[in-house]
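Data block below; observations after.
Nothing in this text is a laboratory measurement; each read-out follows from the coordinates by a stated rule. Quick caveat, the model's predicted, so the values are computed rather than measured. Please note: Cβ atoms are built from the backbone with ideal geometry, for glycine as well, and neighbour counts cover all protein chains shown.
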Amino acid sequence: MTAVTARLADGVAAIPAAEWNACAGTGNPFVGHAFLSALEESASVGARSGWQPLPIVVDGADGRAAAIAPAYVKSHSQGEYVFDHAWADAWERAGGSYYPKLQIASPFSPVPGPRLLLRDAALGPALLGAVQAVVDQNDLSSAHATFVAPEQLPLFEAAGWLIRAGTQFHWTNRGYANFDDFLDALASRKRKGIRKERAAAVEGLTIRHLTGGDIEPRHWDAFWRFYQDTGSRKWGRPYLTRGFFPRLGEAMGDRVLLILAERGGVPIAGALNLIGDDALYGRYWGATEEVPFLHFELCYYQAIDAAIARGLTTVEAGAQGEHKLARGYAPVATYSAHYIPDANFRRAIADFLRREREAVAADRDYLAEMTPFRRVNTTERSSTR
């Protein structure tokens, strides 16, 4: 392999947007320059957040970025959604320093996507080699690429990274013309249950879908209140700053879908989504009024409506949540990759991951049997032939 030289950039914003996006592509907004630079400019990452941006870049023959790893130096394990706290505890008890570590990710975003951004696909191995060199030369404990797109796993496996598996729940558009068409694919009892939930959730409310210039400062003000409420209950301190949301709207408004529930013209709940080339990504939700089933309506059912209307193939509604099964979201595998330089530590983690993958796969198979879709009776099917 031809030797290449990598460089460390002083944040995403230090790399021209055109160069970054030529590597990242347009399919997944969470690795685009607009999203990641909005995190930096709003101080959601950097400063004292524990996420220090350190993109690793390999330039092409034309002098422009040809391969980028969206890397961050981490001083904790918050905001990752792939939990390695036990690893950190074990390493510290053995006398090591687990932090700082290197994280290749879209911060606070459990969204599968490319973690090696490649304008030149042939530079994938070289970019991974550069990532490993940063870890080795700076005596870091490890590097972690979280929510790796399945098609990039072979690159990490070929470089000897350890693979970890998880599960999310995604909705798949099977060519549905509308929401009722989707409901027709469900078992009768589930279909009736969803209709009841939807009716109860929206009673007395108006639901609005806003994107682009339709999202006004007052809408972001309302959504910030929703986000604060959810964030303080889930994490203690919300990850994103107040300035992030309007920056997101300014930078990529046509990719933002804000779904609001209003009572008497006043927003009482909202869900924030990003629109990809072929998927709708649900990210944040919150409410200032408790309404039964409104969470399911805004985050799951309205997202399905929006995906069908836009001809999108998938709705990815975030991490975890077995309650999504009853709403037509099915279990899918997610993956992360881990570079552990210390041989003994690596062996221990490899053994743990082997056993964990088996358990996760078995659980996913079990969950797949619990989806609400109609099952064709084999006796009935044979009698109609």
Sorted by packing (mean other beta-carbon atoms within 10 Å per residue), highest first, where do 212-219, 167-174 land? 167-174, 212-219
Give the peptides 249-257, 154-162, 101-109 in descending order of average Cβ contacts within 10 Å, highest first. 101-109, 249-257, 154-162
Total formal charge among the other residues, if their Cβ is under 15 angstrom from that of LEU140, Lys/Arg +1 and Asp/Glu -1: -2
In nm, spacing of pseudo-spin labels at THR206 and GLU369 (7 Å Cα→C-beta vector): 4.8
Once you have the Cα-Cα distance between ALA361 and ALA343, take 0.36 nm times their residue separation minus that, and quote the gain in nm to one decimal. 3.8 nm
Place a +1 charge on the Cβ of each Lys and Arg in segment 82-231 and a -1 charge on the Cβ of each Asp and Glu, then give the dipole magnitude about the Cα centre in debye, rounded to the nearest 20. 720
Counting only DSSP loop positions in segment 262-331, the GluC sites (Glu not before Pro) whose Cβ has at most 10 other Cβ atoms within 10 Å are GLU290
Given R₀ = 35 Å, what would the calculated FRET efficiency be for TYR176 paired with ALA18, taking r from the Cβ atoms and rounding to 0.05? 0.45
For the chain, the fraction of alpha-carbon pairs in successive 10 Å shells from zero, as %: 5, 22, 30, 25, 13, 4, 1
Extreme residue, positive dipole direction of the chain, given options GLY321, TRP91, ALA271 (C-beta unit charges): GLY321
Please give the charge dipole size of segment 1-138, origin at the Cα centre, charges +1 on K and R Cβ atoms and -1 on D and E Cβ atoms. Round to the nearest 20 debye. 80
With runs of 4+ DSSP H residues as the only contributors, calculate the mean residue ellipticity of the chain at 222 nm using -39,500 (n - 2.57) per run, divided by the residue total and rounded to the nearest 500. -10500 deg cm²/dmol
Among ILE275, ILE68, ILE15, the residue with the largest mean-square fluctuation in a Gaussian network model of the chain built from Cα contacts under 10 Å is ILE15
Per its Cα gyration tensor (rounded if a/c is under 1.5, else prolate when a/b beats b/c, else oblate), segment 263-385 is best filed as oblate
Among PHE345, PHE244, VAL332, whose Cα lies farthest out toward the positive end of the dipole of segment 217-346, if unit charges sit on the beta carbon of Lys, Arg (+1) and Asp, Glu (-1)? PHE345
Summarise the long-distance tail of P(r) for segment 298-345 by giving the % of C-alpha pairs beyond 17 Å. 50
Order of 265-271, 194-200 by packing, highest average Cβ count within 10 Å first? 265-271, 194-200
About its Cα centre, the chain carries a charge dipole, from +1 on Lys and Arg Cβ atoms and -1 on Asp and Glu Cβ atoms, whose size in debye to the nearest 20 is 1000
